[in-house]
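Participant: Structure provided below as structure tokens; questions to follow.
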Amino acid sequence: MNTLESRFAEAVWRCRNGLRLSQIDLAALMQDSGWDNANQAQVSRIERGERHVSLGEAAALARILGFSLSEVVDGKEVSPSPAASERLLLDEVQGTLSQLALKIELTQRALKYGIAIKDGIPHLKEA
């Protein structure tokens, strides 16, 4: 059956896989977009067409995965936009940079207070 709901479910599955995201990754991105209750089981049910989504959820999923809801409505084949791939990569790089900045800050503080860092573990300097 080629209903709007089944086309949407296929679009979510196709784009998630095209972006090489796990269902857990997609649920986390949904949570980051304000859908606090999103989880892997819900993503799975959406992709199988077993869970209806609100218009807001559909819009958020389409934005995250880089496809247009109008493409789904019009029955066009959907694939993630290059911008979605670039945005996800940029988010990953920014997250890595944030982690590195935190490690640098903690290392600077440790050095300031006489705490040595060896293999990433703080050690008190011997007198």
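The values are calculated or read from the model by the stated rules, or taken from the named source; none is laboratory data. The shown structure was predicted, so the numbers you read here are calculated from the model rather than taken from an experiment. Here the Cβ is made from the backbone with ideal geometry for all residues, glycine too, and neighbour counts use every protein chain on show.
Participant: Any chance region 41-59 includes a residue that's at pLDDT 85 or above, exposed (fewer than 13 other Cβ atoms within 10 Å of the Cβ) and not assigned by TED's automatic domain parsing to the domain that holds GLY18?
Facilitator: Scanning region 41-59, I find no residue that is at pLDDT 85 or above, exposed (fewer than 13 other Cβ atoms within 10 Å of the Cβ) and not assigned by TED's automatic domain parsing to the domain that holds GLY18, so the answer is no.
Participant: Output the residues belonging to region 1-59 that are touching a Ser or Thr at 6+ places or on another chain (Cβ under 7 Å) and in a loop (DSSP other than H, G, I, E, B). Talk me through it step by step, then tell me what you get.
Facilitator: So in region 1-59, the residues touching a Ser or Thr at 6+ places or on another chain (Cβ under 7 Å) come out as 14-15, 18-19, 23, 49.
Scanning region 1-59 gives LEU19, GLY49.
Participant: Being in contact with a Cys (Cβ under 6 Å, 6 or more places away or on another chain) and surrounded by 12 or more Cβ atoms within 10 Å (Cβ to Cβ) is the requirement here; does LEU106 meet it?
Facilitator: Working: in contact with a Cys (Cβ under 6 Å, 6 or more places away or on another chain): no; surrounded by 12 or more Cβ atoms within 10 Å (Cβ to Cβ): yes.
No.
Participant: Sort through LEU21, LEU26, LEU65, LEU69 and tell me the only one that's touching a Cys at 6+ places or on another chain (Cβ under 8 Å), among the aliphatic types (A, V, I, L, M) and at pLDDT 85 or above. Break it down stepwise before answering.
Facilitator: On the way: LEU21 fails: touching a Cys at 6+ places or on another chain (Cβ under 8 Å); LEU26 fails: touching a Cys at 6+ places or on another chain (Cβ under 8 Å); LEU69 fails: touching a Cys at 6+ places or on another chain (Cβ under 8 Å).
None of the other options fit; the residue is LEU65.
Participant: If you go through region 60-93, how many residues are of a type outside the set (D, E, K, R) and exposed (fewer than 13 other Cβ atoms within 10 Å of the Cβ)?
Facilitator: Going through region 60-93, the residues of a type outside the set (D, E, K, R) turn out to be 60-62, 64-70, 72-73, 75, 78-85, 88-90, 93.
Restricting the remaining residues to those that are exposed (fewer than 13 other Cβ atoms within 10 Å of the Cβ) gives 70, 73, 75, 82-83, 89-90, 93.
Qualifying residue count for the region: 8.
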